[in-house]
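One structure below.
The values are calculated or read from the model by the stated rules, or taken from the named source; none is laboratory data. Model, not experiment: these values are computed from the prediction. Cβ sites come from the backbone with ideal geometry, for glycine too, and all protein chains shown count toward neighbours. Calculation scope for accessible area: heavy atoms of the full protein, side chains included, ligands and nucleic acids excluded. Shrake-Rupley method; radii C 1.70, N 1.55, O 1.52, S 1.80 Å.
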Amino acid sequence: MVKTARTRSQRTEAKFYTAMVRKAKGTADADRDLKEVAGSESIELVEVVIARDLLAQGSPLGIKLPDGTV
């Protein structure tokens, strides 16, 4: 997803969604990418706001992804 993104906004969105999948799976480094999204210059994106809110909350997502989610 990130590799096919062409614009800064698309890269930010792609990084957000891949980080969210990793965070839902409990991957330790997911917050690193969320921090990058939260610091993005693409402040008009809802993904930036969500990333900031999640990082401020400081807790795991508390959700389970459906089986077969990559």
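With protein chains left intact and a 1.4 Å probe, residues in the chain average 69 Å² of accessible area per residue.
How about region 8-45: which GluC sites (Glu not before Pro) there are in a DSSP loop, with at most 12 other Cβ atoms within 10 Å of their Cβ? Qualifying residues, ordered by number: GLU41, GLU44. Of the trypsin sites (Lys or Arg not before Pro) found in region 8-56, those in coil by DSSP whose Cβ has at most 16 other Cβ atoms within 10 Å are LYS25.
A straight chain from SER42 to ASP67 at 0.36 nm per residue would run longer than the Cα-Cα distance by 5.8 nm. Shape class for the chain, computed from the alpha carbon gyration tensor (a ≥ b ≥ c): oblate, with a/c not under 1.5 and a/b at or below b/c.
The calculated 222 nm mean residue ellipticity attributable to helices in the chain amounts to -17000 deg cm²/dmol, summing -39500 (n - 2.57) over DSSP H runs of n ≥ 4 and dividing by all residues. May I ask you to give the percent of accessible area on the chain that is carbon plus sulfur, with a probe radius of 1.4 Å? Heavy-atom surface of the chain belonging to carbon and sulfur, 1.4 Å probe: 56 percent.
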